[in-house]
Amino acid sequence: MKLRWILPALCASAALLTVGQPASAAQTLRNLVSIEGVRENPLVGYGLVVGLNGSGDSTQVKFASQSVVNMLKQFGVKMPDGSDAKSKNVATVMVSAVFPPGYRRGQPIDITVSSLGDAKSLRGGALLLTPLRAADNEVYALAQGNVVVGGLNAAGKSGSSVTVNTPTSGRIPNGAVIEREIATDFSSKPTVRLSLRHPHFQTATNIVEAINRRFGQIASTSDATSIDVIAPENPTQRVAFVAKLEGLPIDVGNENPKVVFNSRTGTVVIADGLRVRAAAVTHGSLKVVISESSKVSQPNAFAQGQTTVTPQSNVSVDQGSGQMFKWPAGAKLQSIIDVVNSLGASPDDIMAILQALDQAGAIEGELVVI
């Protein structure tokens, strides 16, 4: 299959992709910056999911039985000393959530529940009351509810099993309620700070110029990362002012084109605008195949010999057909794709070629491996 057909199809297999937009395209300010003091905060907690149909943690998970014992103590149920609360209907889980900016006490948020032990599935389970803490170890929300699981697991007595998606993780929509608010200094400072998601000197300069053209000389910057904007002191006027700021069109500065290679999936992404200098490349493959087999030597019925097994090894070497090709100076992305398509190269071959070109200094861009 030609790579140019893989691009729009976005196949599940490894593919060569091209992304990008003109460097001078205008974007709204909200897509380029985040506002200091208005951000999300992660929350995490440890809890128990009960009501499972025998798919909970096994007796090998010691902290599961200890957690059950501690929970029962809170309700006045005391287990004999040294005994374990063995129950296959209980699973230990970690609960995670995101505290959205500006949320107040009593508002609900979604949570994610993930198995911590060796539970087979959380389907049909209910999360017991679980406190969610932030980095300061303070409780900011309480979580509870029925777990919605998108996967399933089925096993037979013979040991065969079928698993669809991930049955050990699920979500609870509106499963937690905010109990403590996170203070913000958004309305207390004389200025509002805009932080660029991708620091760039030209983009920061364009933002300052666009704001000053629209509202007067109220914006300034000292680096490529942040812009300080003088804002109204009245909270209502400040909110309306920031809303107008976020809608400003901004000309984005020219970015250094990148080639991104995902070493786990084999996906290669080449940004538009990438060019190469004049270079000649040859790429071949050496394949060694070793196959093992056994041959049995059986003596005659009245012979004095013994049956023996002798190993047989077959080794074959395929050097492949290495071809040399040349890119002219300043070749664009389409030229690179056309050459690669003509060779039928795989994503691994493409990555090897790009790494060699980068080491030779022939790529006018940045090579990133993730």
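Between segment 58-111 and segment 170-247, what is the separation of their alpha carbon centroids in Å? Using only Cα atoms to place each centre, the spacing works out to 39 Å. For segment 52-139, the set of chymotrypsin sites (Phe, Trp or Tyr not before Pro) satisfying both a DSSP loop assignment and a count of at most 12 other C-beta atoms within 10 Å is given as 75. Ranking 66, 56, 100 by how far each Cα lies toward the positive end of the dipole of segment 55-104 (charges on Cβ) leaves 100 at the top.
If R0 is 41 Å, the Cβ-Cβ spacing of residue 307 and residue 280 corresponds to a FRET efficiency of close to 0.10. Put simply, the amide H of residue 107, placed in the peptide plane, has neighbours under 5 Å in 178, leaving out anything fewer than 5 places away on its chain.
Here segment 79-154 exposes an accessible surface that is 51 percent carbon and sulfur, computed with a 1.4 Å probe and the other protein chains kept in place. A simple rule links phi to the HN-Hα coupling: the Karplus curve 6.51 cos²θ - 1.76 cosθ + 1.60 with θ = phi - 60°, which for segment 84-96 gives 10, 8, 7, 8, 7, 9, 10, 10, 7, 9, 9, 10, 10 Hz, with x for Gly and Pro. Using the Karplus relation 6.51 cos²θ - 1.76 cosθ + 1.60 with θ = phi - 60°, the per-residue 3J(HN,Hα) values for segment 357-370 come to 5, 5, 5, 7, x, 9, 9, 8, x, 10, 9, 10, 10, 10 Hz, with x marking Gly and Pro.
Couplings for segment 104-115, taken from phi via the Karplus curve 6.51 cos²θ - 1.76 cosθ + 1.60 with θ = phi - 60°, read 10, 4, x, 7, x, 9, 7, 10, 10, 10, 10, 5 Hz in order; Gly and Pro are left as x.
Amide H contacts of residue 41: 99, each under 5 Å away and 5 or more positions distant or on a separate chain (H built 1.01 Å from N in the peptide plane; Pro and chain starts excluded). Amide H contacts of residue 46: 95, each under 5 Å away and 5 or more positions distant or on a separate chain (H built 1.01 Å from N in the peptide plane; Pro and chain starts excluded). Placing a pseudo-label 7 Å from each Cα along the Cα-to-Cβ vector at residue 217 and residue 38 gives an inter-label distance of 2.7 nm. Cross-link partners of residue 244 among aspartates and glutamates, defined as those whose alpha carbon lies under 17 angstrom from its own and excluding same-chain residues fewer than eight positions apart: 36, 209, 228, 233.
The values are calculated or read from the model by the stated rules, or taken from the named source; none is laboratory data. Please read all numbers here as calculations on a predicted model, not as lab measurements. No Cβ is skipped: glycine too gets one built from the backbone with ideal geometry, and neighbour counts run over all protein chains shown. Accessible surface areas use protein heavy atoms only, side chains included; no ligands, DNA or RNA. Shrake-Rupley method; radii C 1.70, N 1.55, O 1.52, S 1.80 Å.
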